[in-house]
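Visitor: Input: one structure, supplied below.
The values are calculated or read from the model by the stated rules, or taken from the named source; none is laboratory data. Remember, predicted model here, so these are calculated numbers, not experimental data. All Cβ positions, glycine included, derive from the backbone under ideal geometry; neighbour counts span all protein chains shown. All accessible areas refer to the heavy atoms of the entire protein, side chains included, with ligands and DNA or RNA removed. Shrake-Rupley method; radii C 1.70, N 1.55, O 1.52, S 1.80 Å.
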Amino acid sequence: MVASYQMNSRRLRRRRSWAQLAAVGSLLVAAPPAAHAIPETVALRGVPSSLAASFGPAVTIGAGVIAVPTGSGADLYDLGQPSTPLLGRFRTAGNAARASAAGSTLFLFAGSRGVVAVDVSNPADPVAAGSAGDLGTVTLGAAAPSGGGVVAGGGSTLHFLSWDPASGFTLRRTLVYGDGRTVGAVAARGDSFLVASVRGAVPTRLILTLYRMRAGAAAPDSLGEFAFNGHRADDLAWSGAIAFVADGNLGVLAIDVAARALRSVTPVQGTQFVRSVDANDSVVVAATEGKTLARFARAGAAGDTLAGEVDRALTGNLAYARLSGDWIVASTYDQIAPAPPDEPGWSLLEIVSLSGAPDRAPVGAIGRVRRVAVKNGLAYVADYSGGLRIYRAGGGDSSLVGVAPPSGNARPVDVAVDPALPLVYLASGPSGLEVVQVGDPAAPIPVATLTLAGSATAVTQVGPNLVAVATRENPAVTFVRVDYQPLDSTVTLTVRGSVGNPFVQDPRGLAARDTVLFVADEALGLLSIRFGNPDQPAALGSASLAGARDLDLSGTRLLVATRTRGLQVVDVTNPAQPILRAEVATPPLLGVAQNGASAVVFAGDLGALVVDVGVPTAPVARGPILPPGIARDGWWTGDTLLVAASLGLERYLVSPAPTAVPVLDVRLDPASATPRALITWTPVVRAGMVGLNLYRDLLTASGAASDPAGRRVNRDLLPPGAVSAVDDSLVAGGALRYRLEAFFSDGSSVKVAEGTLSVASAPLVGRAYPNPFRPRLGAVASLSYRVPNGTAGAPLTLRVFDVSGRIVRTSRAPAQPVSGFGIVTWDGRDRSGAAAPSGVYYLRLTGAGLDDSRAIILLR
């Protein structure tokens, strides 16, 4: 009875209802034939249950109107009204931490999603106007006020783009600095851009480069470059002839751009570290690393001397300060220093008057969603700065039901719901284990707290009246008895036993089966603890040594989200000796969820990835879901998927069964000497569609994984009427899947077609795909190849052998002409046309200089 209870408890904490998906290929997959689409999950973004923000630097877009990047898009506010009302909100995938504006267009620099253009002519209804992708990770940029030009980049790379509302973005030039410099900031005036970059050699070297982007020019002009030793650039403002640079502890630099001369260095009182700077014709403001907002008057003939420092202490720590008319808009954040990888708990816009008028009330954004659990139609959310927040979980109602706000320095990062009692358990960071009574969800009541030696990072229920909680700093997993008195709703917490360092070093996730607790440890990987006697728990077996951040258990299948090894599928039939069945290469993961044959992994600002784990030895990536913000966790309830996206609880309507979208016709260009894909599709018609984007995802032959979002093939948004694209960035040996997405005016996207392709690897014969192979609905297995030079056109023979060496099927075909790239197929039938039974087969390809074979598993 105890074992059954523990398993159900775990499911209550992490239960998901992903639809049963049929496995159609192996992890390292190539192309099925273009005639059949792969059924995949298609998610439609719904109304979020909550929203918060990580405010970036404000941007002025009109008289009294500002836009502030929020990480998940941008919020628009009216400074002309005393209450500073929110006018409109725009959300998009990626990490939109910076923005710039030209006229009525706002440009969001959205991390892996490139640049998103937003029409803000009506601030109450911002709509997507275009996007530019395949730009790497875009973290900063600027738009020319005269219109038409945008610079975007990150690291050592800059992209120069022109923008036209009618035709969208056009990439004019990409610069990659090869001298070790990193771009720190970009500012724009007229049709010119000033780029501040830093080379980290000794001494540190600040480099300013001036570019001009003339209307109609094919590429930008470089107008000159000058440098200053011993300086850096954390931010940049350009007003008149002077550029003002935030230079850390040295303060604010004033640089005459025309004369290429450093005019002054002005420290902030107490030599406080300057994070951010902005300027107009008469004033310079600086945001320091603490809570001080410094204001200077510009003096001197060119306004290059700063005088009369006036300091203001603000509520939070300053990140950015920007001038907008008569106001300073300061982006501030939680004063409690986060412990990595946690972010600050809340953000504020603190609005200070330049003229001496009363300051505005701060605009707040509370909420950092970490984990979510669902019970009886309600979603219980561990919110890093908002405490326990309870929302309606199903259907179209996403309303907030109740809140138990955090007390003191509590920072909830994990949640577990008791299946039998009206109790919710929170791992609340420095506050330890917190218990909240939720008999009335509209009025949750904190009833007990257990302070632990370290900061609580994870919690799960492991049996009746027994929970396990993990801590770091003083790392340990502690077992706690919970005694609940229903008459007065009192709870008594009693520590039983614990397992600590060195077996446990940085625990992040917990899951229990019978009397074994599995631990995701970011330093050591997967750990096991036996707790048959909770007073004397003991380490079981050895660590996996693949740093883990979360896990989810269903029966004997344990899914582990790791930092460097992607998703691991582990068999824990014998808990003392877990067996690794498969790995899915992904970027570093923050969380994982499963139900039935489906799993979802969460990769921060790269989104979520659906994976079919029905065949544990051959998991199949089903495609991405791209919520705004940073995806950490998720939960299924009916056909609604709740995603804990760090800045809010997002909601997606997902088909309860895999959806077969139209097929992309993807083929190698036979006229090209190097791999080049031609992709075509039938016209797409969707209401509200702004354009189309084509993404290439999954793996290459080198084993490098693309992110769940994939890599965008088209740099500029394709027009709605487009029916073809070319991908000339293929690498031999690639196993590729293409995804066509409709991009809508609200910033959301949905897949409208897909297709796949194999590109032969260096050994001439590629992988068999799909593998395992399920010959359903006319599907066939594919084997890609590349014939040597001089043998194009020679005939090929494909022989299929069973494990005993008997020939099952023989087929012949001419090799591809000119390029030598091609694909041969097998439909899973023998020479008589009968269906071959399940088993292992060998596909041997000979002729045209080829003689090689690949194994394939046939599953009926």
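Visitor: What residue among 87, 142, 498 has its Cα farthest toward the positive end of the dipole of the chain, where the charges are +1 on Lys, Arg and -1 on Asp, Glu, each on the Cβ?
Guide: 498
Visitor: Another question about this same structure. Using a 1.4 angstrom probe and counting only protein chains, how large is the accessible area of residue 445 in Å², to 10?
Guide: The accessible area comes out at roughly 90 Å².
Visitor: Given 351, 526, 226, which one lies farthest toward the positive end of the charge dipole of the chain, if we put +1 on the Cβ of every Lys and Arg and -1 on the Cβ of every Asp and Glu?
Guide: 526
Visitor: Enter the accessible area of residue 853 (Å², nearest 10), with the probe set to 1.4 Å and all protein chains included.
Guide: Roughly 50 Å² of residue 853 is accessible to a 1.4 Å probe.
Visitor: Can you compute the charge dipole magnitude of segment 178-285 about its Cα centre, using +1 on each Lys and Arg Cβ and -1 on each Asp and Glu Cβ, nothing else charged? Give it in debye, rounded to the nearest 20.
Guide: About 180 debye.
Visitor: Follow-up question, since we're still on this one. Largest first, what is the accessible-area ranking of 370, 676 with a 1.4 Å probe?
Guide: Per-residue accessible area, sorted high to low, gives 676, 370.
Visitor: Given a cut-off of under 8 Å on Cα pairs at least six residues apart, what relative contact order in percent is computed for the chain?
Guide: So the answer I get is 12 percent.
Visitor: Mind jotting down the distance between the C-alpha centroids of segment 555-594 and segment 370-395, whole Å?
Guide: First find each Cα centre; the distance between them is then 25 Å.
Visitor: Whenever you get a sec, compute what percent of the accessible area on the chain sits on carbon and sulfur atoms (1.4 Å probe).
Guide: Summing carbon and sulfur atoms, their accessible area is 52 percent of the total for the chain.
Visitor: Right, here's the next one. Just to be sure I understand, if you calculate P(r) over Cα pairs in 20 Å bins from 0, in percent for this structure, which of (i) 15, 42, 34, 9, 0; (ii) 16, 44, 30, 9, 0; (iii) 12, 30, 30, 19, 7, 1, 0 do you get?
Guide: Recomputing P(r) over Cα pairs in 20 Å bins from 0, in percent here gives the entry labelled (i).
Visitor: Additional query: Given a Förster radius of 60 Å and the C-beta distance between residue 280 and residue 514 as r, what FRET efficiency does 1/(1 + (r/R0)^6) yield to the nearest 0.05?
Guide: Efficiency, rounded to the nearest 0.05: 0.35.
Visitor: Nearest 5 percent is fine: what portion of the DSSP beta bridges confined to the chain is antiparallel?
Guide: Among the beta bridges of the chain, antiparallel pairing accounts for roughly 100 percent.
Visitor: Per the helix-only calculation at 222 nm, which mean residue ellipticity applies to the chain, given -39500 (n - 2.57) for every DSSP H run of n ≥ 4 and division by its residues, nearest 500 deg cm²/dmol?
Guide: Here the helix-only value at 222 nm equals -500 deg cm²/dmol.
Visitor: Still on this structure, I have one more. What's the center-to-center distance, using Cα atoms, between segment 451-511 and segment 190-262 in Å?
Guide: Each part's Cα centre sits 53 Å from the other's.
Visitor: Please name whichever of 65, 858, 185 sits farthest to the positive end of the charge dipole of the chain, dipole taken about the Cα centre and charges placed at Cβ: Lys and Arg +1, Asp and Glu -1.
Guide: 858
Visitor: Starting from the 7 Å offset along Cα-to-Cβ, what nm value, one decimal, do you get for the label separation of residue 407 and residue 176?
Guide: 5.6 nm
Visitor: Rounded to whole Å, give me the distance from the Cα center of segment 86-162 to that of segment 827-860.
Guide: Each part reduced to its Cα centre gives a spacing of 50 Å.
Visitor: Could I ask something else about it? Counting only heavy atoms of protein chains, what accessible area per residue, in Å², does the chain have with a probe of 1.4 Å?
Guide: Accessible surface, normalised per residue, equals 35 Å².
Visitor: 5 Å is the cut-off here: which amide hydrogens, built 1.01 Å from N in the peptide plane, fall below it relative to residue 58, excluding neighbours closer than 5 in sequence?
Guide: 322
Visitor: Which length gain, in nm to one decimal place, applies between residue 359 and residue 807 when the Cα-Cα distance is subtracted from 0.36 nm times their residue separation?
Guide: Additional length available on full extension: 152.9 nm.
Visitor: Also: Ordering 375, 751 from largest to smallest accessible area (1.4 angstrom probe), what's the sequence?
Guide: Per-residue accessible area, sorted high to low, gives 375, 751.
Visitor: Could you give the size of the charge dipole of the chain about its Cα centre, using +1 on the Cβ of each K and R and -1 on the Cβ of each D and E, expressed in debye and rounded to the nearest 20?
Guide: 2300 debye
Visitor: Could I ask something else about it? Taking 7 Å along the Cα-to-C-beta vector as the label spot, tell me the residue 687-residue 309 distance in nanometres, rounded to one decimal.
Guide: 5.9 nm
Visitor: Separate question: Need one value: the accessible area of residue 802 in square angstrom, 1.4 angstrom probe, rounded to the nearest 10.
Guide: 20 Å²
Visitor: Separate question: Where Lys and Arg each count +1 and Asp and Glu each count -1, what net charge lies around residue 845 among other residues with Cβ under 10 Å from its Cβ?
Guide: Here the count lands on +1.
Visitor: Which sequence of 652, 333 reflects their accessible areas, 1.4 Å probe, from the largest down?
Guide: 333, 652
Visitor: Take the Cβ-Cβ distance between residue 860 and residue 576 as r, set R0 to 35 Å, and report the resulting FRET efficiency rounded to the nearest 0.05.
Guide: Calculated value: 0.50.
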